Amino acid sequence: MCGIVGIVGTQPVAGRLVDALKRLEYRGYDSAGVATIHEGALDRRRAEGKLFNLERRLADEPLAGNIGIAHTRWATHGVPNETNAHPHFVDGVAVVHNGIIENFSEIRDELLADGASFKSQTDTEVVAQLLAKYTREGLGHRDAMLKMLRRVTGAYALVVMFKDDPDTLMGALSGPPLAVGYGKGEMFIGSDAIALSPFTNEITYLVDGDCVVINRKGAEIMDHNGNRVERPRQITQAAAFLVDKGNHRHFMEKEIHEQPEVISHALSHYIDFTSGTVKVDTAIDFSAVRSLAISACGTAYLAGLTGKYWFERYARLPVEIDVASEFRYREMPLSPDQAALFISQSGETADTLASLRYCKAEGLKIGAVVNVKESTIARESDAVFPILAGPEIGVASTKAFTCQLAVLAALSIAAGRERGTISAAEETALVKALMEMPRIMTRVLNSIQPQIESLSRDLSRYKDVLYLGRGTSYPLALEGALKLKEISYIHAEGYAAGELKHGPIALIDENMPVIVIAPHDRFFEKTVSNMQEVAARGGKIIFITDEKGAAASKLPTMATIVLPMVEEIISPMIYALPIQMIAYYTAVFMGTDVDQPRNLAKSVTVE
Ligand code: G6P
């Protein structure tokens, strides 16, 4: 994820900005840049790749100036090159941004029609363009900023600098974090306390909807209407930590909210946004493969189980899938005309690695869907498909799960294209659905939280919970149950909805809430019939569906969570959000150690 830092100082800032960026490297990035104001002029250095490239640029052509902003970019819109690197300049306005401006293409079209010319492919540039336009129209910087904030939608942390005001930086946020740091005669702003830790340990975390103006004397915080708000200052221990929770209570909460951004970043590596096609560079020739074996553990296994539905449906490729601890000992007959896919956040899980080595010995082509690109599983594979989720700290996997799903969806479309089982028009439609996902995720995260919090308070009083789903909602039912039990310690089971009557129905009574995951898709009617069986036995239903589904079912529920109507291919990623939030808030009410639940480990390197 992008990293931001800014200084209004009394000494030259360029070197210090780069030092702060180094502390944000953990977030992942593919280009970087720094801008300062010196003697009335705005100037910048930017470079593709690692920070030493930027340092080299700065060594060749130093930047003077006691005020500046800097950025590490993690590409979402536009390839990671120097032109797309931040800060973006338009007519004396400099902007750095973390997140996604969702209505950027609408604003861009409007500005283009107005005669503006764009230099980059980024969504960020519309922010600089709007600010330049509003100041040209006569607004002061502060009013231009507030007007721009009312115009853009999406997830953003922004820091802005105006050439004709070398004493002030402005910031704003809605989603990604931003913190203000207090120094002696100097002020700082950055993505987290870690970035600011070389300068100060006295910080204020801003909250969503805040806009801040900082100068050498201090910070003024206001809402988007310009009304003053107060936020507490705190002393941080950030220097001691590798990553920071920001304003969130737990890493898990932070990672849930990062999903729109990380998915967008992951998709930018697997989708050509201009042609609307998938771009997957792989050593595996899917057209020559007879079948696919998938193996993984825990949540990664459930991502794989969802992938099975997609590979079979879109690429007509038969998939064998098993948890790695079983797969490795099954003595499954394999042959070199098959390929194998291993899914692992850490890339180090012992059983998954052993399954990989078994398949390799049988002569199969090996693909790895991993978060840690340097991991053993990645190194031992023929093709590596990074999920690009950034570091995941919470033991219970959230953003890695949805990024694994996004990558598997893209891979299955690529396989379908190679195997001639989907048409160009179908590919375009599927890719369009994937591209809409980050925007829908932001909407869902913002809208369902209060309802899920109150539902979770109720759920925390129960001892058992059942999850049901059909099609790709079935692996999600398993994931919902896994998430809930691992962090809240409430016993939970996931079942294929059609299996209800083959056993679990015996458990249904008023003490067993049943969470039914049912978008209004081709399975909806069948799942509703299963829901009826629950209702008839006094079971309490929590219904996770969409607008059509909510209108179609008349059954009484304990809660109905209504999500937007979405294309079938993205429903697992969208429906994962309420599933994760139910587990998270229930665990918070139970008072458990959410990020490090008892007995569990993030990376399981033993059998
Ligand atoms: C552990 C973690 C899970 C994870 C599983 C597989 O059990 O607690 O969150 O899904 O391992 O880990 P991997 O790194 O291979 O995805």
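The values are calculated or read from the model by the stated rules, or taken from the named source; none is laboratory data. Bear in mind that the values here come from a model prediction, so they are computed numbers and not experimental data. Here the Cβ positions follow ideal geometry from the backbone for every residue, glycine too, while neighbour counts run over all protein chains shown. Accessible surface is based on the protein model in full, side chains and every heavy atom, while ligands, DNA and RNA are left aside. Shrake-Rupley method; radii C 1.70, N 1.55, O 1.52, S 1.80 Å.
Out of the residues in segment 143-192 that are acidic (Asp, Glu), touching a strand residue (DSSP E or B) at 6+ places or on another chain (Cβ under 7 Å) and modelled with pLDDT of 95 or more, which is farthest from residue 216 (Cα to Cα)? So that I can check it myself, show each step before the final result.
Narrowing segment 143-192 to residues acidic (Asp, Glu): 143, 164-165, 167, 186, 192.
Retained after the next criterion (residues that are touching a strand residue (DSSP E or B) at 6+ places or on another chain (Cβ under 7 Å)): 167, 186, 192.
Restricting the remaining residues to those that are modelled with pLDDT of 95 or more gives 167, 186.
Details: 167: 7, 186: 5 Å.
Filtering segment 143-192 for residues that are acidic (Asp, Glu), touching a strand residue (DSSP E or B) at 6+ places or on another chain (Cβ under 7 Å) and modelled with pLDDT of 95 or more, the one farthest from residue 216 (Cα to Cα) comes out as 167.
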Which of the residues belonging to segment 1-39 are part of a loop (DSSP other than H, G, I, E, B) and open to solvent by 50 Å² or more (accessible area, probe 1.4 Å)? 10, 11, 12, 39
Is it the case that residue 99 is modelled with pLDDT under 95 and surrounded by 17 or more Cβ atoms within 10 Å (Cβ to Cβ)? yes
Of the conditions (1) within 14 Å of the ligand (Cβ to nearest atom); (2) out of contact with any helix residue (DSSP H, G or I) (no Cβ under 7 Å at 6 or more places or on another chain); (3) touching a residue at least 24 places away in the same chain (Cβ under 8 Å); (4) not small (Gly, Ala, Ser), residue 485 fails just one. Which one is it? (3)
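Go through the residues of segment 307-320 one by one and say whether even a single one is within 16 Å of the ligand (Cβ to nearest atom), closer than 20 Å to residue 477 by Cα and in a helix (DSSP H, G or I).
yes
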List every residue pair whose Cβ atoms sit under 8 Å apart, with the two residues 6 or more apart in sequence or on different chains, where the first one lies in segment 489-508 and is among the acidic types (Asp, Glu) and the second, anywhere, is open to solvent by less than 70 Å² (accessible area, probe 1.4 Å). 493/464; 493/465; 493/466; 493/467; 493/481; 493/504
Answer with yes or no whether residue 52 is of a type in the set (Phe, Trp, Tyr) and surrounded by fewer than 19 Cβ atoms within 10 Å (Cβ to Cβ). yes
Of residues in segment 353-385 being within 16 Å of residue 321 (Cα to Cα) and within 13 Å of the ligand (Cβ to nearest atom), the one surrounded by the most Cβ atoms within 10 Å (Cβ to Cβ): 369
List pairs: first residue in segment 265-280 and free of Cβ contacts under 8 Å to residues at least 40 places away in the same chain and under 17 Å from residue 122 (Cα atoms), second residue assigned to a helix (DSSP H, G or I) and open to solvent by 10 Å² or more (accessible area, probe 1.4 Å) anywhere in the structure, Cβ distance under 9 angstrom, at least six positions apart or on different chains. 275/428
Residue pairs, Cβ under 6 Å, 6 or more apart or interchain, first in segment 86-103 and touching a residue at least 60 places away in the same chain (Cβ under 8 Å), second surrounded by fewer than 24 Cβ atoms within 10 Å (Cβ to Cβ) and among the aliphatic types (A, V, I, L, M). List them. 93/132; 94/42
Filtering segment 571-607 down to residues that are of a type in the set (Gly, Ala, Ser), within 16 Å of the ligand (Cβ to nearest atom) and assigned to a helix (DSSP H, G or I), which residue is surrounded by the fewest Cβ atoms within 10 Å (Cβ to Cβ)? 587
Can you name the residue in segment 278-295 that is buried (at least 16 other Cβ atoms within 10 Å of the Cβ) and within 21 Å of the chain's Cα centre (by Cα) and, of all such residues, is modelled with the highest pLDDT? 278
Among the residues of segment 386-407, is there at least one that is closer than 15 Å to residue 292 by Cα and more than 11 Å from the ligand (Cβ to nearest atom)? no
Among the numbered criteria (1) open to solvent by less than 60 Å² (accessible area, probe 1.4 Å); (2) in a loop (DSSP other than H, G, I, E, B), which one does residue 511 miss? (1)
Considering (1) open to solvent by 50 Å² or more (accessible area, probe 1.4 Å); (2) touching a residue at least 60 places away in the same chain (Cβ under 8 Å), say which one residue 532 fails and leave the rest. (2)
Please tell me if residue 568 is touching a residue at least 12 places away in the same chain (Cβ under 8 Å), surrounded by fewer than 15 Cβ atoms within 10 Å (Cβ to Cβ) and of a type in the set (Asp, Glu). no
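Out of curiosity, is residue 430 at pLDDT 95 or above and under 20 Å from residue 583 (Cα atoms)?
Numbers: at pLDDT 95 or above: yes; under 20 Å from residue 583 (Cα atoms): no.
So residue 430 does not fit the description; no.
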Count, please, the residues in segment 227-263 that happen to be over 22 Å from residue 19 (Cβ atoms), surrounded by fewer than 20 Cβ atoms within 10 Å (Cβ to Cβ) and either out of contact with any helix residue (DSSP H, G or I) (no Cβ under 8 Å at 6 or more places or on another chain) or at pLDDT 95 or above (or both). 9
Tally of residues being at pLDDT 95 or above and either within 16 Å of the ligand (Cβ to nearest atom) or in a helix (DSSP H, G or I) (or both) across segment 327-344: 5
Restricting attention to segment 386-424, and to residues there that are at pLDDT 95 or above, open to solvent by 10 Å² or more (accessible area, probe 1.4 Å) and within 21 Å of the chain's Cα centre (by Cα), which single residue is farthest from residue 300 (Cα to Cα)? 386
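Just to be sure, is residue 350 more than 8 Å from the ligand (Cβ to nearest atom) and closer than 27 Å to residue 288 by Cβ? So that I can check it myself, show each step before the final result.
Working: more than 8 Å from the ligand (Cβ to nearest atom): yes; closer than 27 Å to residue 288 by Cβ: no.
No.
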